[in-house]
Amino acid sequence: MCGIIAFVGKEDGRKFVLEGLKKLDYRGYDSWGIAGVNNDELWHYKTTGLVKTELIGKESHIIIGHTRWCTHGKVTKENAHPHVSNDEKIAAVHNGIIDNYLELKEMLEKEGYKFYSDTDTEVIPNLISYYTNKNPEKNFIEGFKQTIKQLKGSFAIAALHEKTLAFARVNSPLLIGVAEGEIYIASDAAPFLEKTNKAVFLNEGDWGYYEKGNMYLFDKNEKPIEAKTEEIHWQYNEQGKNGYSHFMLKEIYEQVNTIVNAAAQPNIQNAKDEIKKFSEILLVGSGTSYNACLAGASFLSKKNIKAIPVLASEYQLHVPFFDKEKIMIIVSQSGETADLIEVVNEAKNAGMKIIGIINVPGSTLWRKSDILLGMNAGQEIGVASTKAYTSTLTIFSLLAGEKIDETELSKYTNEKIKEWHEQAKELIQKIKKDLFVIGKEEALSYAMETALKVKEISYIRAEGLAAGELKHGTLALIEEDVPVISIATKETRQDLINNALEIKSRGGFIIGIDSKTHPCYDYFISCKYPILSIIPGQLLAYELAISKGYNPDKPRNLAKSVTVK
Ligand code: AGP
C-alpha cells in the first residue's frame, strides 16, 4: 500500500527519494509524487503510473516522497500525494485513513479553504496551515501539533515547511533511519537500508520534527522522548530477480531453502513451553496467513492442543472470550497488516500473551510480539505470498511437535519443483473459467491457499473448500470438464477419493495431488509431503497469470502490505 520516504541532509536529496520510492514499489501503488524546498520555496511534482528516477524539481536538502494506493478517490494526478496547503507553504504525505476528514474539510471550507482532490489527505496540509496561521508566532510545529490532535483514524504523516520536516505515527508504521548528517523518515526500512541499518522505531502516537540539524521526538502526551536507535538485521532485495522472470517465481523456487531457514529459528522450544501453560490458543491472520493458521490449528489439535483459527477481520466474535487463560499466535508476512494489529491491541488489553510468526524484522507486529518466531524467509516482494506460507507451515509443524527432517524436505522440494513447474505449464490448458480445490483437515488450508493464489494473480474464479462440503451445495456447479484439484493427505485420502469420484461421475476433471496415484485422477501430481502440496498450486497460478499476459508480481487492486482496514 502507500509508501512514505522523506530526507533531510546536506546533499541534494532528490536522487535518494526517487530511488527510495522505487524501492517501496513492491508494496503496490498507482501514483506517486515528491515535494521539496529550494531557497525556502516549496515545489512539488505528482503523477500517475510508475516512478521515474530522472531528476525532477529543484535541488533540495529537505524533501518528501510518496507512493499512493488509492482508498479515497480514483487514480488521478490530483489525488496523488504530496498534497499542498492553499498558501503553497506546506506539503504533506500520508499513509492510512483519516476517518473524520469530512467534518474537518467542512470546517476548513467555512474558513475559506479550497479543496482540489477527493482524498482524505488534503485536509492535513490545510489544517496545519490553519493552525499555523492561528497561533501568534505563526509556528509550523504548533500548527502540526494541533493538527495531529484533531485527526482521527490511522496515519503516518510527513509534512514539510521551509527548513522543517515534521512527522507523526498513529496506527500506521513509520520509522527514522539515522546516518551521519542525514535522516530518513520512511514507512519501512527498504528505501534507506543501503545508507544505514540504524533506525528509530516510532511507537503509536509518537511524533516529532527535524530542524536546524536537530531531531525532537515526543510521545502522544507531548512528553519529550529519547531517540533510541536500533539495528535492523534484514537484507532488502538487492539481488533483484536473480535470473527469474518474476519475483514470485524466484520466491516459489526459494522454498527449497526457506523451509530449512524457518526450521532453524531458535525460539520453538520456548514457544512450545509457553503454549503448554494455556488452555486454548487462538491462531490469527489474514489471507494467506489465515490459511496457514487453518493448517496450524489442524496440526495442534491432532496433538490435543486446543487451537482455534480466527480471521483477523472477523475477530470481533471472539473478543468477549479474550482472557489471560488463552494465548494468541499471530501470523503475518509483512508484520503491518492493519486488521491484525487491531486484534493484537484488543488481545493485549485483555492481558493475553502474543506469539508472533512474522517475516519482516522490526515491523509493527514483530515489535508487539512477546515471543517471536521469525519466518526467516527473506524479503518477499511478489504480492502473492508464497514462501512465507510454507515457512509458517514448517513452524506450526514444529510447534505441534512434529519431527521435520528439513534437509530431506528441502532435497525433495529441489528434486520435484521443476517437475511441478512443467506440470503447471501443461495444466493451464485445462483451466479456463472456474476452478475448485478440495481438501480436508490441514489440506483444507492447502486447498484454500491454492484457490487464493489462482484468484489473486490469474483473475480466474477459484474456490477452495472442504471436500465434505461439496455435496452440500457446490456440487451443483460441477459439469463436464470443470477442473477440480483434490489435495489428499495420508489420513484423508479415502474421503478425498470418494469425493473425487462424486465429482468425476458428474463429468468433472480431477487433478489429484497425492502421495500415490488413483484411477479417479485424470491428472496426477505426486507429492509425498503434504506441506509442500501448495507448491504445484503456486506454480499453476503463476503460469495461468503468464498465459493471460498478467504481471503476477503486481496483481490489480492488491497491495503487499495491507496497512488500512
Ligand atoms: C496473499 O497472497 C495475499 N497477498 C494476502 O492474502 C496476505 O497474505 C494478507 O494480506 C496478509 O498479509 P500478511 O501476512 O503480511 O499479514
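The values are calculated or read from the model by the stated rules, or taken from the named source; none is laboratory data. Computed from a predicted structure; not experimentally measured. Glycine gets a Cβ as well: all are built from the backbone with ideal geometry, and neighbour counts include every protein chain shown. Protein only, heavy atoms only, side chains kept; ligands, DNA and RNA dropped before computing areas. Shrake-Rupley method; radii C 1.70, N 1.55, O 1.52, S 1.80 Å.
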Pairs from Lys425/Lys504; Lys220/Lys324; Lys46/Lys110; Lys212/Lys368 whose Cα-Cα separation, in the structure shown, is over 25 Å: Lys220/Lys324; Lys46/Lys110; Lys212/Lys368
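Would you mind putting 131-139, 168-176, 477-485 in packing order, based on average other-beta-carbon counts within 10 Å, highest first? If you can, show how the numbers build up before the last one.
Details: 131-139: 13.1, 168-176: 24.6, 477-485: 17.7.
Result, highest mean Cβ count within 10 Å first: 168-176, 477-485, 131-139.
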Computed over the chain: longest principal axis from alpha-carbon atoms vs helix 140-150 long axis, angle to nearest 10 degrees, is 40
The answer for the net charge of residues other than Val260 whose Cβ lies under 13 angstrom from its Cβ, with Lys and Arg +1 and Asp and Glu -1, is -2
Relative to the longest principal axis of the chain, what angle (0 to 90°, nearest 10) does the C-alpha long axis of helix 493-504 take? 90
Cross-link partners among lysines for Lys272, C-alpha distance below 16 Å, same-chain residues fewer than 8 apart left out? Lys302, Lys303, Lys306, Lys326, Lys353, Lys403
For helix 287-301, report the angle its Cα long axis makes with the longest principal axis of the Cα atoms of the chain; keep it between 0 and 90° and round to the nearest 10°. 50
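Find out how many positive minus negative residues lie around Asn95, taking Lys and Arg as positive, Asp and Glu as negative, among other residues whose Cβ is under 12 Å from that of Asn95.
Numbers: positive: Arg27, Arg68, Arg169; negative: Asp120, Asp188, Glu336.
Summing Lys and Arg as +1 and Asp and Glu as -1 gives 0.
Would you mind getting me the FRET efficiency between His233 and Lys114? Use the beta-carbon distance for r and R0 = 60 Å, nearest 0.05. All intermediate terms of the calculation are to be shown ahead of the outcome.
Values: r = 48 Å, r/R0 = 0.79.
In this case the efficiency is close to 0.80.
Looking at the stretch 404-461, which trypsin sites (Lys or Arg not before Pro) are DSSP coil and have at most 12 other C-beta atoms within 10 Å of their C-beta?
Lys432, Lys433
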With all protein chains present, the stretch 230-302 has a carbon and sulfur share of its accessible area (1.4 Å probe) in percent of 47
For the stretch 74-156, what is the per residue volume of the convex hull drawn over the alpha-carbon atoms, in cubic angstrom? 85
Neighbourhood charge, 11 Å Cβ-Cβ cut-off, centred on Ser332 and excluding it, Lys, Arg +1 and Asp, Glu -1: -1
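Enumerate by residue number the GluC sites (Glu not before Pro) in the stretch 14-108 meeting two conditions: DSSP loop (anything except H, G, I, E, B), and at most 12 other Cβ atoms within 10 Å of the site's Cβ. Before the final figure, lay out the partial values.
Working: sites: Glu19, Glu41, Glu54, Glu59, Glu78, Glu88, Glu103, Glu106; in loops: Glu54, Glu59, Glu78, Glu88.
The qualifying sites are Glu54.
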What whole-number value in Å² describes the accessible area per residue of the chain for a 1.4 Å probe? 41
Gain upon complete extension [Asp481, Lys516; 0.36 nm per residue less C-alpha separation]: 10.3 nm
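Ignoring any ligand, DNA or RNA, what whole percent of the accessible area of the stretch 331-483 comes from carbon and sulfur when the probe is 1.4 angstrom? Write down the numbers at each step before the final one.
Details: 2520 of 5410 Å².
Carbon and sulfur together cover 46 percent of it.
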Mean shadow area (nm²) of the C-alpha convex hull around the chain is 26.1
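Express in nm, to one decimal, how much length is gained between Lys74 and Ile268 on full extension, taking 0.36 nm for each residue of separation and deducting their alpha carbon distance. All intermediate terms of the calculation are to be shown ahead of the outcome.
Details: separation 194, 0.36 × 194 = 69.84 nm, distance 4.55 nm.
Gain on stretching Lys74 to Ile268: 65.3 nm.
Rank these by accessible area, largest first, 1.4 Å probe: Arg367, Arg27, Arg506. Mind showing how you got there, number by number?
Working: Arg367 90, Arg27 5, Arg506 115 Å².
If we order Arg367, Arg27, Arg506 from most to least accessible, we get Arg506, Arg367, Arg27.
Suppose accessible area is computed on protein heavy atoms with a 1.4 Å probe; arrange Cys2, Cys70 from highest to lowest. Spell out each step's value before the answer.
Values: Cys2 20, Cys70 45 Å².
Order by accessible area, largest first: Cys70, Cys2.
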I'm a student and want to see the number: the projected area of the Cα convex hull of the stretch 268-407, averaged over all directions, in nm². 7.7
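Over all directions, what mean area does the Cα convex hull of the stretch 462-565 project, stated in square nanometres? Could you put the intermediate results ahead of the total?
Numbers: hull surface 34.1 nm².
For the stretch 462-565, averaging the hull's shadow over all directions gives 8.5 nm².
Would you work out what percent of the accessible area of the stretch 509-563, with all protein chains in place, is carbon or sulfur (probe 1.4 Å)? Can you show the working numbers first?
Numbers: 1050 of 1970 Å².
Percent of accessible area from carbon and sulfur atoms in the stretch 509-563: 54.
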Take the Cα coordinates of the stretch 3-231, assign each an equal point scatterer, and use the Debye formula without solvent to give log10 I(q)/I(0) at q = 0.14, 0.17 Å⁻¹. -0.79, -1.23
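Could the peptides 214-221, 156-163 be put in order, highest first, of the mean number of other beta-carbon atoms found within 10 Å of their residues? It would help to have the intermediate numbers written out before the result.
Working: 214-221: 13.8, 156-163: 24.6.
Put in order of decreasing packing, that is 156-163, 214-221.
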